[in-house]
Amino acid sequence: MTDVRVELAPADRDADAEDALRSLLRWLHGDETLDGALRGEFTASAAPTEGHMGAGGFDILQLALGSGLSTAALAVSVFQWQLARKRAPAVVLSRGELRVEVTPEGARDAETLRRVVELLDQRPAATAPDGERDGGAA
(Lines give C-alpha, C1' and ligand atoms only; values in the text may rest on other atoms or scores of the structure.)
Protein backbone atom coordinates (compact mmCIF):
# COMPACT_ATOMS: atom_id res chain seq x y z
CA MET A 1 0.00 0.00 0.00
CA THR A 2 1.06 3.56 -0.70
CA ASP A 3 0.20 6.33 1.72
CA VAL A 4 -0.54 9.84 0.51
CA ARG A 5 -1.52 12.76 2.73
CA VAL A 6 -3.73 15.55 1.47
CA GLU A 7 -4.07 18.77 3.39
CA LEU A 8 -5.12 22.28 2.59
CA ALA A 9 -2.32 24.79 2.17
CA PRO A 10 -1.81 26.90 5.32
CA ALA A 11 -3.36 29.99 3.71
CA ASP A 12 -6.56 28.03 2.99
CA ARG A 13 -7.00 26.42 6.41
CA ASP A 14 -10.05 27.91 8.01
CA ALA A 15 -13.26 26.83 9.67
CA ASP A 16 -14.31 25.07 6.45
CA ALA A 17 -11.12 23.00 6.05
CA GLU A 18 -12.68 19.85 7.49
CA ASP A 19 -15.74 20.24 5.25
CA ALA A 20 -13.49 20.68 2.21
CA LEU A 21 -11.55 17.51 3.02
CA ARG A 22 -14.78 15.57 3.61
CA SER A 23 -15.98 16.81 0.21
CA LEU A 24 -12.72 15.61 -1.35
CA LEU A 25 -13.05 12.16 0.22
CA ARG A 26 -16.62 11.85 -1.10
CA TRP A 27 -15.32 12.90 -4.54
CA LEU A 28 -12.55 10.29 -4.44
CA HIS A 29 -14.94 7.52 -3.37
CA GLY A 30 -17.26 8.48 -6.22
CA ASP A 31 -14.49 8.50 -8.86
CA GLU A 32 -14.92 5.35 -10.95
CA THR A 33 -11.31 5.48 -12.17
CA LEU A 34 -10.11 4.88 -8.62
CA ASP A 35 -12.30 1.76 -8.50
CA GLY A 36 -12.65 1.69 -4.71
CA ALA A 37 -8.91 0.96 -4.24
CA LEU A 38 -8.59 3.72 -1.69
CA ARG A 39 -9.07 4.08 2.06
CA GLY A 40 -9.14 7.43 3.78
CA GLU A 41 -9.16 8.72 7.33
CA PHE A 42 -9.04 12.16 8.86
CA THR A 43 -6.41 13.32 11.32
CA ALA A 44 -5.46 16.58 12.95
CA SER A 45 -2.09 18.24 12.45
CA ALA A 46 -2.13 19.70 15.95
CA ALA A 47 -2.31 17.86 19.24
CA PRO A 48 -5.25 18.64 21.53
CA THR A 49 -4.66 21.66 23.74
CA GLU A 50 -4.69 21.19 27.48
CA GLY A 51 -8.19 21.31 28.90
CA HIS A 52 -9.88 20.50 25.56
CA MET A 53 -11.13 17.19 24.23
CA GLY A 54 -9.81 17.66 20.70
CA ALA A 55 -7.58 19.68 18.46
CA GLY A 56 -10.49 21.65 17.05
CA GLY A 57 -11.03 19.72 13.83
CA PHE A 58 -9.40 17.54 11.26
CA ASP A 59 -7.19 19.15 8.65
CA ILE A 60 -5.36 16.18 7.09
CA LEU A 61 -6.78 13.43 4.91
CA GLN A 62 -4.58 10.33 5.11
CA LEU A 63 -5.12 8.04 2.11
CA ALA A 64 -4.00 4.46 1.62
CA LEU A 65 -3.88 3.39 -2.02
CA GLY A 66 -4.33 -0.23 -2.99
CA SER A 67 -1.61 -1.92 -5.01
CA GLY A 68 -3.47 -1.47 -8.30
CA LEU A 69 -3.86 2.29 -7.90
CA SER A 70 -1.18 4.79 -8.90
CA THR A 71 -0.58 8.05 -7.12
CA ALA A 72 -0.97 9.66 -10.55
CA ALA A 73 -4.60 8.56 -10.76
CA LEU A 74 -5.20 9.89 -7.26
CA ALA A 75 -3.52 13.22 -8.07
CA VAL A 76 -5.59 13.69 -11.22
CA SER A 77 -8.79 13.07 -9.25
CA VAL A 78 -7.72 15.59 -6.57
CA PHE A 79 -7.03 18.19 -9.28
CA GLN A 80 -10.42 17.54 -10.87
CA TRP A 81 -12.03 18.10 -7.46
CA GLN A 82 -10.13 21.38 -7.14
CA LEU A 83 -11.35 22.54 -10.53
CA ALA A 84 -14.97 21.60 -9.76
CA ARG A 85 -15.14 23.86 -6.68
CA LYS A 86 -16.20 27.50 -6.81
CA ARG A 87 -13.55 28.58 -4.30
CA ALA A 88 -10.92 25.91 -4.70
CA PRO A 89 -8.30 25.72 -1.98
CA ALA A 90 -4.64 25.07 -2.64
CA VAL A 91 -3.81 21.52 -1.60
CA VAL A 92 -0.61 19.91 -0.38
CA LEU A 93 -0.01 16.31 -1.45
CA SER A 94 2.61 14.42 0.55
CA ARG A 95 4.17 11.04 -0.05
CA GLY A 96 6.96 10.19 2.34
CA GLU A 97 9.21 13.23 2.59
CA LEU A 98 7.94 14.71 -0.68
CA ARG A 99 5.48 17.60 -0.33
CA VAL A 100 3.89 19.28 -3.35
CA GLU A 101 1.52 22.26 -3.12
CA VAL A 102 -0.87 22.75 -6.01
CA THR A 103 -2.83 25.96 -6.32
CA PRO A 104 -6.11 26.10 -8.25
CA GLU A 105 -4.20 27.85 -11.05
CA GLY A 106 -1.64 25.03 -11.09
CA ALA A 107 -4.44 22.47 -11.35
CA ARG A 108 -5.46 24.15 -14.62
CA ASP A 109 -1.94 23.98 -16.11
CA ALA A 110 -1.16 20.75 -17.98
CA GLU A 111 2.62 21.04 -17.54
CA THR A 112 2.32 21.62 -13.79
CA LEU A 113 0.05 18.60 -13.48
CA ARG A 114 2.43 16.45 -15.51
CA ARG A 115 5.36 17.38 -13.26
CA VAL A 116 3.38 16.81 -10.04
CA VAL A 117 2.14 13.42 -11.23
CA GLU A 118 5.69 12.46 -12.24
CA LEU A 119 7.02 13.43 -8.80
CA LEU A 120 4.30 11.59 -6.90
CA ASP A 121 4.69 8.43 -8.97
CA GLN A 122 8.41 8.12 -8.26
CA ARG A 123 9.47 5.46 -5.83
CA PRO A 124 10.61 7.18 -2.62
CA ALA A 125 14.33 6.98 -1.98
CA ALA A 126 15.19 4.47 0.71
CA THR A 127 17.36 5.36 3.69
CA ALA A 128 20.31 3.09 4.33
CA PRO A 129 21.02 1.90 7.90
CA ASP A 130 23.77 4.55 8.22
CA GLY A 131 21.23 7.28 7.40
CA GLU A 132 22.51 7.88 3.86
CA ARG A 133 20.00 8.11 1.03
CA ASP A 134 20.40 5.45 -1.65
CA GLY A 135 18.53 7.44 -4.29
CA GLY A 136 15.87 4.74 -4.65
CA ALA A 137 18.03 2.37 -6.69
CA ALA A 138 16.85 -1.21 -6.68
Checklist entry - Which of the residues belonging to the stretch 4-35 are surrounded by fewer than 13 Cβ atoms within 10 Å (Cβ to Cβ), touching a residue at least 24 places away in the same chain (Cβ under 8 Å) and not hydrophobic (A, V, I, L, M, F, W, C)? => result 33, 35
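Of all residues being part of a loop (DSSP other than H, G, I, E, B) and more than 16 Å from residue 27 (Cβ to Cβ) in the stretch 61-91, which is modelled with the lowest pLDDT? Just the residue, please.
Quick first cut of the stretch 61-91, residues part of a loop (DSSP other than H, G, I, E, B) only: 66-70, 85-90.
When the remaining residues are screened for being more than 16 Å from residue 27 (Cβ to Cβ), the result is 66-68, 70, 90.
Values: 66: 79, 67: 74, 68: 70, 70: 78, 90: 90.
Top of the filtered list is 68.
Quick grid of which residues meet (1) buried (at least 21 other Cβ atoms within 10 Å of the Cβ); (2) touching a residue at least 12 places away in the same chain (Cβ under 8 Å); (3) under 15 Å from the mean Cα position of the chain (by Cα):
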residue	(1), (2), (3)
86	no, no, no
90	no, yes, yes
94	no, yes, yes
97	no, yes, yes
102	yes, yes, yes
108	no, yes, no
114	no, no, no
117	no, yes, yes
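The values are calculated or read from the model by the stated rules, or taken from the named source; none is laboratory data. The structure displayed is predicted, hence computed values, not measured ones. Positions of Cβ are backbone-derived with ideal geometry, glycine not excepted, and every protein chain shown enters the neighbour counts.
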